[in-house]
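This is the structure, below, for whatever I ask next.
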Amino acid sequence: MESFRGRFTNKIDAKGRVSVPAKFRAVTVAQGFNGIICFPPLSEGRFIEGCGPAFSNQIDQMLARLDPFSSERDMLASVLLGESAELMFDADGRVILPETLREMAGIADEATFVGAGERFQIWAPKAYEVFAVEAKKQVPGFRAMLKALPPVLDGGGR
């Protein structure tokens, strides 16, 4: 299965439209969806989470395993589903990023798309640069964690 990889920075026009990188569009189109799904992050980062229908279905399945009347499920669903937006590509491969998500992520006139495998993130370029510097400092310490993971037997899925 295709995955979201790479980093791309694109301008946002006065109407809030931004071109989604062609590589990212290809992933969601291959999943049968002519757009992207965006939602707030569960971490403390200032960025927008993005995905195609495959990861969105995983979110639905995770939520379905929770007690349907629990406050944890309600809170998770309110962020992951209630604050999400299905953004369809226009003829030029652009989407309109909702103002609420842009404000939450501090995104103004440019957006940096960062691949993360089954999903991707959209950052304000300067904020991503700060994050990337810190990530590059910390990643060497994660080697042992990666080595300790069991092998994936089904070809890359969960």
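Roughly how many percent of the accessible protein surface of the chain is carbon and sulfur, given a 1.4 Å probe and a whole-percent answer? List each step's numbers first, then the result.
Numbers: 5610 of 9930 Å².
On the chain, the fraction of accessible area on carbon and sulfur atoms equals 57 percent.
Output ³J(HN,Hα) for the range 2-12: one whole-Hz value per residue in order, computed from phi by the Karplus curve 6.51 cos²θ - 1.76 cosθ + 1.60 with θ = phi - 60°, and x for Gly and Pro.
4, 9, 7, 9, x, 10, 9, 10, 10, 6, 10
Follow-up. List the chymotrypsin sites (Phe, Trp or Tyr not before Pro) within the range 39-147 that DSSP assigns to loop and that have no more than 15 neighbouring Cβ atoms inside 10 Å.
Sites meeting the loop and neighbour criteria: Phe69.
At 1.4 Å probe radius, can you tell me the per residue accessible area of the chain in Å²?
Value for the chain: 63 Å² per residue.
Another one. Which whole DSSP H helices in the chain pass both tests: a Cα extent of 15 Å or more along the axis and a mean Kyte-Doolittle value no lower than -1.0?
Span-like helices, by this rule, are 53-64, 125-138.
Out of residues 5 or more away from Glu110 or on other chains, whose amide H comes under 5 Å of its own, with H placed 1.01 Å from N in the peptide plane?
The list, which skips near neighbours in sequence, is Ile12.
Counting only pairs 8 or more residues apart or on different chains, how many lysine pairs in the chain have their Cα atoms under 20 Å apart?
Final tally of qualifying lysine pairs is 6.
Same structure, new question: Determine the dipole magnitude for the range 1-140: charges of +1 sit on the beta-carbon of Lys and Arg, -1 on that of Asp and Glu, nothing else is charged, the reference point is the Cα centre, and the result goes in debye to the nearest 20.
Taking the Cα centre of the range 1-140 as origin, the dipole is about 540 debye.
A further question on this structure: From the gyration tensor of the Cα coordinates in the chain, what semi-axes in whole Å does the equivalent ellipsoid have, largest first, with each one equal to sqrt(5λ)?
In descending order, the three semi-axes are 24, 21, 18 Å.
Still on this model: Got the relative contact order for the chain handy, in percent, Cα pairs under 8 Å and 6 or more residues apart?
On the way: 230 pairs, mean separation 50.0, N = 158.
Relative CO of the chain lands at 32 percent.
So for the range 108-158, averaging the separation of alpha carbon pairs under 8 Å that are six or more residues apart and normalising by length, what relative contact order in percent results?
Reported relative contact order: 21 percent.
Helix-only estimate, please: 222 nm mean residue ellipticity of the chain, summing -39500 (n - 2.57) across DSSP H runs of length 4 or more and dividing by its residues, to the nearest 500.
-10000 deg cm²/dmol
The values are calculated or read from the model by the stated rules, or taken from the named source; none is laboratory data. No experiment lies behind these values; they were computed from the predicted model shown. Cβ atoms come from the backbone with ideal geometry, glycine included; neighbour counts cover every protein chain shown. These accessible areas exclude ligands, DNA and RNA; they are computed on the full protein's heavy atoms, side chains included. Shrake-Rupley method; radii C 1.70, N 1.55, O 1.52, S 1.80 Å.
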